[in-house]
1. Counting pairs of alpha carbon atoms under 8 Å apart in space and at least six apart in sequence, what relative contact order in percent does the chain give?
2. Ranked by Cβ crowding within 10 angstrom, fewest neighbours first, how are Ser75, Ser40, Ser57 ordered?
3. As a check on your grasp of the helix formula, calculate [θ] at 222 nm for the chain: sum -39500 (n - 2.57) over DSSP H runs of n ≥ 4, divide by the residue count, round to the nearest 500.
4. For a bin width of 10 Å, list the pair-distance distribution of the chain built from all Cα-Cα distances, rounded to whole %.
5. With both partners inside the chain, how many of the DSSP beta bridges are antiparallel, as a percent to the nearest 5?
6. Under a point spin-label approximation (7 Å from Cα along Cα-to-Cβ), what is the Lys192-Leu126 distance to one decimal in nm?
7. Of Ser52, Ser148, Ser179, which is the most mobile in a GNM of the chain whose springs link Cα atoms less than 10 angstrom apart?
8. For the pair Lys71 and Tyr100, what calculated FRET efficiency results from E = 1/(1 + (r/R0)^6), where r is the Cβ-Cβ distance and R0 = 22 Å, to the nearest 0.05?
Amino acid sequence: MNKQLIETIKQQALIDKIPIMEEDGLNYVINYLKENDIESLLEIGTAVGYSSICFASSNPKLKIVTLEIDKERHSMAKENIRLANLEERIVPILTDARKYDLPDKFEVLFLDGPKAHNQELLEKYLKNLKEDGTIIVDNMFFHGYIDSPDLVEKKRLRPLVKKLAKFREDMLNHPDFESEYLEIGDGLLICKRRKRYG
C-alpha cells in the first residue's frame with residue numbers, strides 16, 4: 001500500500017482544490033471491490049489518479065482503465081500512477097468520455113466525472129459492463145442539495161441538482177438494476193445488474 005504517496009496526493013489535491021472522493025466513500029468502495037473480488041474497473045473521471053491508486057493499491061488483482069478530459073490533471077495522474085508503480089494495472093486515457101469507445105468489458109463502472117452527464121455516460125458505457133456488473137456513482141448527496149434543493153442559492157446550480165435528483169431516482173427504480181443509495185461520504189449509488197433468466 002502506497003500510504004505515504006496516497007496521503008501526499010490527497011493533500012496536494014486539497015490544496016489545488018481538485019475534487020477527490022471523501023474518505024468514508026472511498027473506504028466503502030475499496031472494501032466493496034475487495035469483498036467482491038473485482039478484477040476490472042472502468043473509471044470515468046481520473047482527476048489526479050487518487051481514487052484509482054487507492055483502489056489498485058488495496059486490491060492486487062484489480063486492473064483499471066480511467067478516462068480524463070483535462071490535460072493537466074491527466075498528466076498529474078500519469079505521474080502519480082508511475083510513482084505508485086501501478087502503470088501495469090492502471091491505464092489513464094486522455095479523452096472526452098462522452099466520445100470515447102472501447103471494446104473491453106468491466107465488472108465495475110465507476111462514474112465520478114462530470115455530474116451533468118451521468119445519464120449520458122451510463123447509457124454510453126452500459127455495453128462495457130459485464131452481465132453481472134455493478135455501477136457505482138459518487139456525489140449522489142451532492143453537498144446535501146439533492147435532498148434539500150431549497151438550500152441551493154446559486155441559480156445556475158439548480159438545473160444540475162434537479163438532474164442529479166432525477167438520475168438517482170431513476171436508478172433506484174431501474175428494472176435492470178438492484179440499486180441502493182448510501183449516505184456515505186458525499187453519497188454513493190450502488191447499482192448491481194440483475195441476473196437475466198431464460
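Read-outs: derived from the displayed coordinates by stated rules, not from any lab. Given the structure is predicted, the values throughout are model-derived calculations rather than measurements. No Cβ is skipped: glycine too gets one built from the backbone with ideal geometry, and neighbour counts run over all protein chains shown.
1. Details: 337 pairs, mean separation 37.8, N = 198.
Computed over the chain, the figure is 19 percent.
2. Details: Ser75 14, Ser40 17, Ser57 20.
Listed from fewest to most nearby Cβ atoms, that is Ser75, Ser40, Ser57.
3. On the way: 6 runs with 71 residues, N = 198.
Rounded to the nearest 500, the figure is -11000 deg cm²/dmol.
4. 9, 36, 39, 15, 2, 0
5. Working: 10 of 29 bridges.
Roughly 35 percent of the beta bridges in the chain run antiparallel, per DSSP.
6. Calculated label separation equals 2.0 nm.
7. Maximum among the listed residues: Ser148.
8. Values: r = 15 Å, r/R0 = 0.68.
Efficiency computed from Cβ-Cβ geometry: 0.90.
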